[in-house]
Amino acid sequence: MPSATTPPYAAPSPPDFDSIPELDWSLVASGDPIDRKLFLSKLRNVLLHVGFMYLKNHPVPTELVERIKQHTVDVFNLPLERKLKMDMIDSPHFYGYNRMAFERTAGAPDIREHIDLGPDSPSTYDPSSGPLYRKMRPGPNPWPDQEDAPGFKEDVKKYIATLAPLSREFIGLVAEAIGLPRESFYQFLEAADVPQGRIKMVHYPPTDTPNAQGVGPHKDGWLTFLLQVNDVPGLQVQNHSGKWVDVPPRDGTYVVNLGKGLQHLTHGVLLATTHRVLPPPPGVHRYSCPFFQDVALDVPWTPLDVPEEVRREVGARGEVVSDVKPLEPAGASDGWQYLANRIKSHPATGLRHYPDFARMVLGEEIFLKESATLDKLLAKRDAEI
Ligand SMILES: [Fe+2]
């Protein structure tokens, strides 16, 4: 008997992908219904069979994109003590700087440093009035000093405020492309007028360590608009047979991909495709800046009724090979799951701001180990500032 994620009918299997398709946003921007239909038809094919795409002719102003690229490079050139003044460990909102190789994916350290930033809204959390996970958002960003990074704060705020509505429009198109009403995913997002979205500025330095990873194989959470900042390759996605396919930087584009939440909500129709980043060769530095759409924290993830004809088409793609081994059911749900995921990615920050919940999430052994190192870590950090 077919499961909820296995359509009962199988159509002929489409060929596996060996490159990443490109979609043209000007077909949406033209306002012509025929163009729009063409975009939706291409989008549907990409969503069902690849899960990754380049998006060209997008509406984000080139000057703003160029400034964000420059800020991404410049901020990592600051001395370590200036970056540590933005240390994520100090932020209950999981915003701020993560030092080199501080995060792990698939059990190994990622050879990168990064800075996570949100829309910079004041915290409204009141412990007496709501669940703990609401402490995560909204919240302020740690910023570099204005003299260290002129224009950084203004440009980042403007950039996030520009990407948020674009990603909202895009996810409406995703719904339409798979035969759902346009508003279908909006119930899982923050209201349109709430400042939202998060960017991660990332620096991948060269390394001569054998088998090092920039980022290990993983799937994203929801919806990502990745800006590849400089012309250094490294991003790869895994096709259905398990082969790694390069996604080299392409000027004027975003790389858009979908995550586990969308796969779960559509019974596996939308694909959360596995990807990784290889470290650059000696002497070369790679930079990137993904934007992540925020999901609402109070909404349970109840799957949607995707039309049968779309589920049938997906049945043709068969098994998808992935280097990511599922540790838990793909369907995360609400704020508690979201907070748990943040704590697993950033245990030191989780321990410091959510100690009781972190103890549950991490388990006693890891909790005690991380607690023992947290004080040392803070002392080391304070000595470095
Ligand atoms: Fe990713």
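Rule-based calculations on the coordinates, nothing more; no lab input. Quick caveat, the model's predicted, so the values are computed rather than measured. FYI the Cβ positions are ideal-geometry reconstructions off the backbone, even for glycines, and counts take in every protein chain you see.
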For the chain, what relative contact order do you get, as a whole percent, if you take Cα pairs closer than 8 Å and at least 6 residues apart? 21
So if I place +1 on the C-beta of Lys and Arg and -1 on the C-beta of Asp and Glu, and nothing else carries charge, what would the dipole magnitude of region 258-385 be about its Cα centre? I want it in debye, nearest 20. 520
One quarter of the convex hull surface, Cα atoms only: what value does that give for region 115-266 in nm²? 12.7
Calculate the dipole size of region 121-255 relative to its Cα centre from +1 charges on Lys and Arg beta carbons and -1 charges on Asp and Glu beta carbons; express the result in debye to the nearest 20. 440
On a 0 to 90 degree scale, rounded to 10, what angle separates helix 364-384 from the longest Cα axis of the chain? 60
Amide hydrogen neighbours beyond the local backbone of THR105, cut-off 5 Å, H modeled: ASP110, GLY216
Check which residues have an amide H placed less than 5 Å from ARG286's amide H, if you skip close sequence neighbours. TYR204
Kirkwood hydrodynamic radius, computed over distinct alpha-carbon pairs, for the chain: how many Å, to one decimal? 21.7
Go through LYS85/LYS157; LYS157/LYS369; LYS37/LYS200 and tell me which ones have a Cα-Cα distance over 30 Å in this structure. LYS157/LYS369; LYS37/LYS200
Positive-end residue of VAL215, ALA149, PRO33, charge dipole of region 22-327 with Cβ unit charges: VAL215
For GLU309 and ASP193, what is the calculated FRET efficiency with R₀ set at 30 Å and r taken between the beta-carbons, to the nearest 0.05? 0.25
Using the alpha-carbon centroid of each, what span in Å lies between region 248-277 and region 64-84? 26
Dipole magnitude of the chain about its Cα centre (Cβ charges: Lys, Arg +1; Asp, Glu -1), debye to nearest 20: 400
Kirkwood hydrodynamic radius of region 76-147 from all distinct Cα pairs, in Å? 13.5
Tell me the relative contact order for region 250-385 as a rounded percent, counting alpha carbon contacts under 8 Å between residues six or more apart. 20
Within straight cross-link reach of LYS243, meaning Cα distance under 26 Å, which lysines are found once same-chain residues fewer than 8 apart are removed? LYS42, LYS56, LYS219, LYS260, LYS325
Would you be so kind as to identify which of LEU270, VAL306, VAL284 lies farthest towards the positive end of the dipole of region 260-309, taking Lys and Arg as +1 and Asp and Glu as -1 on Cβ and the Cα centre as origin? VAL284
Note to self, the chain gives a 222 nm [θ] from helices alone (DSSP H runs n ≥ 4, -39500 (n - 2.57) apiece, / all residues, nearest 500) of -10000 deg cm²/dmol
